[in-house]
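Structure first, commentary second.
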Amino acid sequence: MRQPAPQTQFRLRYLKPDQLAALRALALERVLPLTGAEPDAQDPCKWHTAQGALSVRGSKFFHWTRGKGGGGAIDLVMHLHGWDFRHAVAWLAEHFPLPPPAAPIPALAAELQLPPPDPRQLPRVEAYLIQQRALPPALLPPLIQSGDLYADARANAVFLLRGASRKPVGAELRGTTGACWRGMAPGSRKDHGYFSAATASPPSSILLCESAIDALSALALHPQRRCVSTAGARPDPQWLQDLLRQSLPISCGFDADATGEAMARAMIAIHPSIQRLRPSLHDWNDVLRAQL
């Protein structure tokens with residue numbers, strides 16, 4: 001039975017990532033008694049809840065009556081009480097004292113080191129994006145002309161992150177030879193800007209994706225949208241507030257995996273106006289390539 005969500009003024013956005021991780025990592029055996037569950041007298045891994053038997057193995061649980069499972073204390077509370085991410089976190093924070101946030105380590109911001117362009121490697125990068133990643137060829141020339149996409153001397157595809165006044169603040173790097181490789185240019189500041197692409201003017205909405213290639217794949221599938229890369233699944237990048245102020249509908253298109261789902265729930269809990277748009281396969285590039 002779904003439990004009424006607690007009345008709370010809890011502000012999820014004030015939680016630091018290490019505090020959220022601490023709540024998620026709480027031992028399930030500490031959380032279960034507070035939900036009304038009772039341990040089985042014979043099986044130490046088995047618990048009896050108002051909704052039937054549940055088994056626990058470390059951070060994982062499986063609810064046999066409902067045929068569903070999950071991992072971590074936040075998922076457990078959401079599952080047993082039928083609450084959303086924000087209310088589950090609030091309930092755990094009420095019952096388990098939050099550790100103080102980790103003190104930031106003072107450090108000088110590293111200087112951005114963008115790899116120099118090497119036009120000789122551009123045909124290889126284009127071939128990789130078109131032939132292996134199935135991106136429509138028509139998407140690439142505008143990005144190359146604007147400098148948002150180029151090749152470096154190692155034949156990496158370089159996707160620029162742009163901040164205020166379109167100033168470069170970083171770059172996603174994707175290897176196009178040998179083993180699959182991805183990374184960021186040294187000194188990239190992912191909270192100060194992002195890679196994005198659009199073909200419609202003006203776009204009807206904004207779709208957030210986990211990488212530049214996913215953003216371009218989503219654009220091929222949803223050409224009416226502006227597709228933005230968060231350069232990794234993150235629930236509240238600093239620049240997101242600027243996008244919200246544009247008054248366009250925003251959807252979170254993070255990957256359909258455990259990390260993508262958790263980060264999407266966290267983002268929507270912080271920004272309830274954002275909707276979830278889940279790729280039908282693992283990510284948007286998988287969806288695009290499946291259409292070949």
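No lab work stands behind these numbers, since they all come straight from the coordinates. Fair warning: this is a prediction, and the values are worked out from it, not measured in the lab. We place every Cβ from the backbone using ideal geometry, glycine too, and count neighbours over all the protein chains shown.
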Subject >> Fluctuation leader among Arg133, Arg120, Arg276 - the chain, Gaussian network, Cα springs under 10 angstrom >> reply: Arg120
Original post:
Between Ile130 and Ala50, what length comes free when the chain is fully extended (0.36 nm per residue of separation minus the Cα-Cα distance, one decimal in nm)?
Top reply: 23.5 nm
**OP:** Sum up the charges of everything whose Cβ sits under 13 Å from the Cβ of Ala27, counting Lys and Arg as +1 and Asp and Glu as -1, but leave Ala27 out.
**Re:** +3
Original post:
Just how many pairs of Lys in the chain have C-alpha atoms closer than 27 Å, counting pairs that are eight or more places apart or on different chains?
Top reply: 6
**OP:** Using just the helices of the chain, give the 222 nm mean residue ellipticity in deg cm²/dmol: DSSP H runs with n ≥ 4 each add -39,500 (n - 2.57), and the total is spread over all residues, rounded to 500.
**Re:** -7500 deg cm²/dmol
**OP:** Of the DSSP beta bridges with both residues in region 139-265, give the percent that are antiparallel, rounding to the nearest 5.
**Re:** 70 percent
Original post:
Of Phe61, Phe96, how do they rank once you tally other Cβ atoms within 10 Å and put the fewest first?
Top reply: Phe96, Phe61
Original post:
Taking the Cα centre of the chain as the origin and placing charges on Cβ (Lys, Arg +1; Asp, Glu -1), which of Leu80, Thr65, Pro136 is farthest toward the positive end of the dipole?
Top reply: Pro136
Subject >> Positive minus negative residues near Ser146 (Lys, Arg vs Asp, Glu; Cβ under 13 Å) >> reply: +1
Original post:
Dipole size in debye (nearest 20) for the chain around its Cα centre, Lys and Arg Cβ +1, Asp and Glu Cβ -1?
Top reply: 380 debye
